[in-house]
Amino acid sequence: MASPMSAGDFLAALTNEGVEVTQVGDWRHHNRNHKGPWGPVHGVMIHHTVTSGTEETVEICRDGFEGLPGPLCHGVIAKDGGVHLVGYGRANHAGLGDDDVLRAVIAEKALPSDNEANTDGNRAFYGFECENLGDGEDPWPEAQLDAITRAAAAVCRHHGWTERSVIGHLEWQPGKVDPRGFTMASMRDRIREQLK
């Protein structure tokens with residue numbers, strides 16, 4: 001079981017991994033901690049936003065929208081590879097997912113099929129939202145894929161996790177498809193190489 005790193009350690013981990021970071025407002029104290037616990041943390045979750053345009057995407061992920069208040073993640077990964085920190089602590093990104101998947105993440109074993117939504121993921125995962133329409137056609141520039149790799153690797157390196165602690169939303173919650181346009185197996189391969 002791992003306690004979440006401090007906001008300062010999170011920022012340092014990202015920058016030490018070569019991530020280009022933009023700090024948005026008072027991101028260190030923008031969270032949903034009043035709604036439930038943040039931690040222990042067990043992994044990193046990758047999403048796509050179904051949005052276009054970095055400025056609007058960052059605003060949505062920071063503020064949320066009616067029925068789903070922000071922050072909707074910890075960092076927004078833009079097409080140009082920049083990572084915009086919008087919140088830190090509990091964030092509305094993972095929702096309810098499969099307890100069997102969480103057990104596999106903790107054990108760093110192969111993931112079972114996600115067929116239940118019975119476990120709070122917002123307390124257990126760092127979340128990165130990646131700017132993409134999620135239609136399977138919107139491209140994933142190399143700069144963005146590299147930033148996803150580095151951001152996830154930064155968190156894993158800090159906690160002593162392997163690439164198996166990184167999952168996609170589609171692997172956590174039944175009915176989710178994100179991220180769409182690359183496979184999580186290929187992303188975990190990249191993260192494994194980054195961690196070497």
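The values are calculated or read from the model by the stated rules, or taken from the named source; none is laboratory data. Values in this document were obtained by computation on a predicted structure and should not be read as measured data. Cβ: placed from backbone, ideal geometry, glycine included. Neighbour counts: every protein chain shown. SASA here: full protein model, heavy atoms, side chains in, ligands and nucleic acids out. Shrake-Rupley method; radii C 1.70, N 1.55, O 1.52, S 1.80 Å.
Do the conditions hold for His34, that is, is it surrounded by 17 or more Cβ atoms within 10 Å (Cβ to Cβ), farther than 28 Å from Arg188 by Cα, over 15 Å from the mean Cα position of the chain (by Cα) and of a type outside the set (Val, Ile, Thr)?
Against the criterion (surrounded by 17 or more Cβ atoms within 10 Å (Cβ to Cβ), farther than 28 Å from Arg188 by Cα, over 15 Å from the mean Cα position of the chain (by Cα) and of a type outside the set (Val, Ile, Thr)), His34 does not qualify.
Please pick out the residue among Thr49, Thr54, Thr22 that is open to solvent by 40 Å² or more (accessible area, probe 1.4 Å) and closer than 24 Å to Met184 by Cα.
One residue alone meets the criteria, Thr54.
Being modelled with pLDDT under 95 and more than 23 Å from Gly39 (Cβ to Cβ) is the requirement here; does Gly81 meet it? Write out each step before concluding.
Values: modelled with pLDDT under 95: no; more than 23 Å from Gly39 (Cβ to Cβ): yes.
Here the answer is no, as Gly81 does not meet what is asked.
Just name the residue that is nearest to Thr54 (Cα to Cα) out of those in segment 91-103 that are touching a residue at least 24 places away in the same chain (Cβ under 8 Å) and surrounded by fewer than 24 Cβ atoms within 10 Å (Cβ to Cβ).
Asn92
Look through Arg180, Arg123 and report the one residue that is open to solvent by 70 Å² or more (accessible area, probe 1.4 Å), touching a Gly at 6+ places or on another chain (Cβ under 9 Å), closer than 20 Å to Trp38 by Cα and in contact (Cβ under 8 Å) with a residue 12 or more places away in the chain.
Arg123
Tell me, please, whether a residue that is β-branched (Val, Ile, Thr), more than 27 Å from Leu68 (Cβ to Cβ), in contact with a strand residue (DSSP E or B) (Cβ under 8 Å, 6 or more places away or on another chain) and at pLDDT 95 or above can be found in segment 106-120.
no
State yes or no: is Arg123 within 13 Å of the chain's Cα centre (by Cα), of a type outside the set (A, V, I, L, M, F, W, C) and either in a loop (DSSP other than H, G, I, E, B) or at positive phi (or both)?
The answer is yes for Arg123.
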